[in-house]
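Before any comments, here is the structure.
Bear in mind that the values in this text are calculations on the coordinates, not laboratory data. These numbers were taken from a predicted model, which means no experiment stands behind them. Cβ coordinates were reconstructed from backbone atoms using ideal geometry, including for glycine residues, and neighbour counts include every protein chain displayed.
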């Protein structure tokens, strides 16, 4: 290790004075579930006010149009919140991308709402404190620290904080793809994969599908043979898709909507299913399996099946450029006395989409914590300054031409 330069040391030291804990408290105290548009609007305003401390052009952008399938098979518009976008020095020689999300999995009516101490001054509980209001505070502190140094002049970046990451980023994926163009590297501020700070490495892809089965109703007693049972066909679809899983593909049939009175053959049903392919080749096999199984079930039950959805998160392997970026983060951690490792994860995030654009990304630069997506979610408070220092050093070295 070559040690920290005076400029790097200045940036790292500035992070300790950032008001990160106060920011997490304010941001996480407002419910911002992915479907809570009012809450998302309030949090977006808070974030815009705080991130306005950075230079550049900041905007809250409307999401792209999105359709979802209802329980009756109809396709209807689905509203999402606005997305924060910041562009800083687009003419600078080094261009980076930073991403995070403002939404949580906890809806407006969920009982998990407030921020509180699980262990006084050490461990903070609350919805989104780790995933990922804490990560947003880390990102802002690191960028402000680097902006205060001479390195900032050669560093340009785009920042996207989206409102729909927890539901697959359907309204913001195109914005992220545009922001990724021409970027040397990207950092995303999901919480660490483990409470010890371990990063997520390779990730599978993820596809969400709704399969609408259109059968024919009939009396269950008088003439059931004239009916075509959509619910039974949907169950057959679920079984066959579930049996398509293997080492490279996880399949989760999650829900069937449909049915009605016991004396009526159901003519409509919708199967919801998630598939997670490990590699692009596994995704291609999964797509072929869906087509084959839909054809087989439609023929066997004499029904029509309409498929809606797709693989919104491509698989994210670790290629050579990504390996170099991980090594840079590890080496910066060593300089700061932080032991940084990584391991493959079964989860997905916007890092999948960024990697698919050909940009190397480390997507767990956020806080240490755990139990995310549950009422036990927590943030290890000491990790705010710790991870901000790590990010500041990584950003400074990327800006200085190192690592890739």
Among 146-154, 22-30, the order from most to least packed when residues are scored by Cβ within 10 Å on average:
22-30, 146-154
Based on the alpha-carbon gyration tensor of region 157-258 and its eigenvalue square roots a ≥ b ≥ c, which shape applies: rounded if a/c is under 1.5, prolate if not and a/b is larger than b/c, or oblate?
prolate
Of the residues 170, 204, 261, which exhibits the maximal mean-square fluctuation in a Gaussian network model of the chain defined by a 10 Å Cα contact cut-off?
261
Rounded to whole Å, give me the distance from the Cα center of region 74-142 to that of region 6-63.
8 Å
By how many degrees, between 0 and 90 and to the nearest 10, does the Cα long axis of helix 320-335 differ from the longest principal axis of the chain?
50 degrees
Cα-only Rg/Rh for region 181-235 with Kirkwood Rh rounds to 1.44
For region 265-333, what Kirkwood radius comes out of the mean inverse Cα-Cα distance, in Å?
15.4 Å
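Given an 8 Å cut-off on Cα distances and at least 6 residues of separation, report the relative contact order of the chain as a percent.
24 percent
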With Cα coordinates, the longest principal axis of the chain makes an angle with the long axis of helix 6-15, in degrees rounded to 10, of 60 degrees
Residue 400 to residue 117: FRET efficiency via 1/(1 + (r/R0)^6), r the Cβ-Cβ distance, R0 56 Å, to the nearest 0.05?
0.90
Roughly what percent of Cα-Cα pairs across region 322-404 reach past 14 Å?
68 percent
In the chain, what % of DSSP beta bridges are antiparallel (nearest 5)?
75 percent
With n ≥ 4 as the cut-off for DSSP H runs, can you work out [θ] at 222 nm for the chain, using -39500 (n - 2.57) per run divided by the number of residues, rounded to the nearest 500?
-10500 deg cm²/dmol
If one builds a Gaussian network model of the chain from Cα atoms under 10 Å apart, the most fluctuating residue listed among 121, 62, 350 is 121
Does anyone have the angle between helix 382-399 and the longest principal axis of the chain? Alpha-carbon axes, 0 to 90°, nearest 10?
80 degrees
Across every pair of different alpha-carbon atoms, what Kirkwood hydrodynamic radius in Å does region 206-313 reach?
14.1 Å
When a/c is below 1.5 the answer is rounded, else prolate if a/b is larger than b/c, else oblate, so apply that to region 27-102 with a ≥ b ≥ c taken from the square roots of the Cα gyration tensor eigenvalues.
oblate
Run the numbers for residue 304 and residue 59: contour at 0.36 nm per residue of separation, minus the present Cα-Cα distance, in nm.
83.7 nm
Restricting to Cα pairs below 8 Å that are 6+ residues apart, what does the relative contact order work out to for region 79-132? Please round to a whole percent.
28 percent
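In whole Å and largest first, what semi-axes does the C-alpha gyration tensor of region 12-70 yield when each eigenvalue is scaled by 5 and square-rooted?
28, 16, 10
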Measuring from label point to label point, each 7 Å out along Cα→Cβ, what is the residue 174 to residue 292 span in nm?
3.4 nm
Is region 70-129 best put as rounded, prolate or oblate by its Cα gyration tensor, with a ≥ b ≥ c the root eigenvalues, rounded for a/c under 1.5, and otherwise prolate when a/b is larger than b/c, oblate when not?
oblate
Whole angstrom only: what separates the Cα centroid of region 293-311 from the Cα centroid of region 337-404?
40 Å
Report the relative contact order of region 197-307, percent, no decimals, based on alpha-carbon pairs under 8 angstrom and at least 6 residues apart.
37 percent
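For a footprinting-style exposure proxy, rank 5, 210 by other Cβ within 10 Å, fewest first.
5, 210
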When the chain is modelled as a GNM with alpha-carbon springs shorter than 10 Å, which of 160, 297, 43 fluctuates the most?
297
For 374, 217, 169, order by how many other beta-carbon atoms lie within 10 Å, fewest first
374, 217, 169
I need the peptides 375-384, 84-93 ranked by packing, meaning the mean over residues of other C-beta atoms within 10 angstrom, with the highest value on top.
375-384, 84-93
Region 134-205: Kirkwood hydrodynamic radius (Cα pairs, Å) comes out at 14.4 Å
Sites residue 373 and residue 279, calculated FRET efficiency, Cβ-Cβ separation with R0 35 Å, nearest 0.05
0.90
Just rank 386, 13, 190, fewest to most, by other beta-carbon atoms within 10 angstrom.
13, 386, 190
